[in-house]
Amino acid sequence: MPPEACAQPVATSAPARKRRADPSGRRAAPRRVYDSIVDAVGDTPLVRLQRVVADYPGEVFAKIEFMNPMGSIKDRVARHLVRVAAADGRLRPGETVVEASSGNTALGLGMMAALEGYRCKVAVRDRTSPEKLRALRALGVEAVLVDSELPPEHPESYNQVMQRIVAETPGCYFPDQHNNRENNEAHYLSTGPEIWEQMEGRIDYLVAGLGTGGTISGVARYLKEQDPSIRVVGVDVEGSVFTRYFRSGEVGPSAPYLLEGLGDEFPIECVEFDLIDDMVQVSDREAFLHARELARREAIFAGGSSGAALWGVRQVLSRLGGEPARIVTIFPDHGSRYLSTIYSDEWMRRHGFLDA
Ligand SMILES: Cc1ncc(COP(=O)(O)O)c(C=O)c1O
């Protein structure tokens with residue numbers, strides 16, 4: 001008999017006994033015993049937001065992606081990119097996986113490299129938090145720091161350094177997460193179906209940030225295939241080119257920003273704009289203050305792109321004007337990655353995000 005069945009009131013003349021909560025807090029769940037940490041990627045919880053959307057008559061749920069082993073949604077992508085490339089011979093044992101990453105994909109690739117016998121070398125922007133850089137080192141990933149203020153045409157800029165690493169590294173595999181739709185496929189195959197099942201097929205809005213675009217595109221494709229009426233709202237960051245490109249098809253100039261994980265300097269292949277119904281653009285300040293609010297009020301300790309997602313949800317709520325809807329958002333990574341940035345009062349003040 002399944003454990004839940006034991007909890008049902010029994011038809012008896014005696015008063016039904018109330019079920020006592022297990023004092024350990026444990027819940028009936030399948031045994032989760034794995035042969036490898038990579039098997040623990042995915043199947044993350046969905047949590048209903050309460051206090052930060054207290055006055056809203058609808059429901060808002062967040063997919064807690066920092067519960068993945070390396071602390072971010074990018075573990076799903078790293079696992080998929082490495083496995084499909086190994087399966088069709090693009091990546092061979094002992095070779096080096098190289099990638100441009102805001103740090104989280106690099107950590108996922110570092111996990112795969114450590115477990116499945118590869119080396120890993122990545123280009124990361126110098127705005128990447130010290131915590132992420134140390135975590136990369138712990139996993140044996142070689143990180144090449146790039147000046148994030150340089151324009152894309154500069155030979156030392158992010159993408160140009162990446163191209164040079166690829167040219168100079170013998171026996172390397174460059175998944176190119178920004179332009180390789182296998183990134184989107186990782187979410188189409190895992191994140192999307194998980195959300196659909198957890199929401200029991202009742203979703204009105206998906207609100208998600210865009211970095212490579214893999215998450216929003218893969219999840220949106222899956223959800224819209226199940227229910228074409230689901231609206232998808234992308235969260236971009238001020239300084240990125242995505243929003244203007246979405247609205248007008250023009251590639252405007254980019255500007256520096258501090259938020260990690262969202263936005264880019266030019267349109268990329270993995271952002272499938274035709275799956276996105278609307279876009280909103282958050283400032284660094286709002287993203288960081290919303291992340292801090294999430295920690296204080298919901299005890300959800302997440303990164304700046306999660307703050308951006310909450311801000312995006314609030315934009316949708318204000319447009320809905322009290323109309324109840326079921327909204328899903330995604331919180332991509334953990335706050336501990338940003339202890340010396342977003343969660344440092346001193347850093348926040350230095351950048352003008354907190355008053356003295
Ligand atoms: C912290 C964080 N948030 C959001 C994203 C965006 O996810 P995607 O690249 O799938 O658009 C990333 C991607 O690197 C990230 O690292």
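The values are calculated or read from the model by the stated rules, or taken from the named source; none is laboratory data. Treat the numbers as computed from the prediction; the structure is a model and nothing was measured. Cβ atoms come from the backbone with ideal geometry, glycine included; neighbour counts cover every protein chain shown. Calculation scope for accessible area: heavy atoms of the full protein, side chains included, ligands and nucleic acids excluded. Shrake-Rupley method; radii C 1.70, N 1.55, O 1.52, S 1.80 Å.
If I model the chain as equal point scatterers sitting on the Cα atoms and use the Debye formula, what is log10 I(q)/I(0) at q = 0.06, 0.08, 0.12, 0.15 Å⁻¹? The Debye formula, applied to the Cα set alone, gives -0.23, -0.41, -0.88, -1.35. Taking Cβ atoms as reference points and 13 Å as the exclusive limit, the residues near M199 contribute a net charge of -2, counting Lys and Arg as +1 and Asp and Glu as -1. Identify, among A100, L81, Y158, the residue whose Cα sits farthest towards the positive end of the charge dipole of the stretch 74-173, taking +1 on the Cβ of Lys and Arg and -1 on the Cβ of Asp and Glu, with the dipole about the Cα centre. The one lying farthest along the dipole's positive direction is L81.
May I ask for the longest run of the chain untouched by GluC sites (Glu not before Pro) that are loop-located per DSSP and have at most 10 neighbouring C-beta atoms (other than their own) within 10 Å? Could the numbers behind the result be given before it?
Numbers: sites that count: E153, E156, E200, E250.
Result for the longest clean stretch: 1-152.
Run the helix sum for the chain: -39,500 (n - 2.57) per DSSP H stretch of 4+ residues, divided by residue count, reported at 222 nm to the nearest 500 deg cm²/dmol. Walk me through the numbers on the way to the answer.
Values: 12 runs with 125 residues, N = 356.
That calculation yields -10500 deg cm²/dmol at 222 nm.
One chain, two ends: Y34 and R48. Fully extended at 0.36 nm per residue, the span grows by 2.3 nm beyond their Cα-Cα distance.
Rolling a 1.4 Å probe over the protein heavy atoms leaves D355 with an accessible area of roughly 130 Å².
Each 5 Å bin from zero holds the following percent of Cα-Cα pairs in the stretch 200-328: 2, 11, 21, 22, 22, 14, 7, 2, 0.
Which three semi-axes in whole Å describe the equivalent ellipsoid of the stretch 221-262, each the square root of 5 times a Cα gyration tensor eigenvalue, listed largest first?
Values: eigenvalues 138, 37, 8 Å².
So the three semi-axes of the stretch 221-262 are 26, 14, 7 Å.
With a simple spin-label model that places each label point 7 Å from the Cα along the Cα-to-Cβ direction, the separation between A114 and E149 comes to 3.4 nm. Relative to the longest principal axis of the Cα atoms of the chain, the long axis of helix 74-87 lies at roughly 70 degrees.
Might you report the magnitude of the Cβ-based charge dipole of the stretch 74-173 about its Cα centre, with Lys and Arg at +1 and Asp and Glu at -1, to the nearest 20 debye?
Details: 14 positive and 13 negative charges, 86 e Å.
Computed charge dipole of the stretch 74-173: roughly 420 debye.
Once backbone amide H atoms are built at 1.01 Å from N, E238 has V282, S283, D284 as its partners under 5 Å, excluding neighbours fewer than 5 places away on the same chain. If R0 equals 25 Å, the separation of the Cβ atoms of R181 and F266 corresponds to a calculated FRET efficiency of about 0.90. Computed across the stretch 276-316, the Kirkwood hydrodynamic radius from all distinct Cα-Cα pairs reaches 10.1 Å. Rg and Dmax of the stretch 204-279, based on Cα coordinates, read 12.1, 38 Å. Largest accessible area first, the residues F66, F242 order themselves as F66, F242 under a 1.4 Å probe with ligands, DNA and RNA left out. In this simple spin-label approximation, E323 and E168 carry label points 7 Å from Cα along the Cα→Cβ vector, and these lie 5.5 nm apart.
Would you work out what percent of the accessible area of the stretch 74-173, with all protein chains in place, is carbon or sulfur (probe 1.4 Å)? Each step should come with its number before you reach the end.
Details: 2140 of 4190 Å².
Roughly 51 percent of what the probe reaches on the stretch 74-173 is carbon or sulfur.
Entry for the stretch 74-173 at q = 0.17 Å⁻¹: log10 I(q)/I(0) = -0.71, Debye formula applied to identical alpha-carbon scatterers, no solvent contribution.
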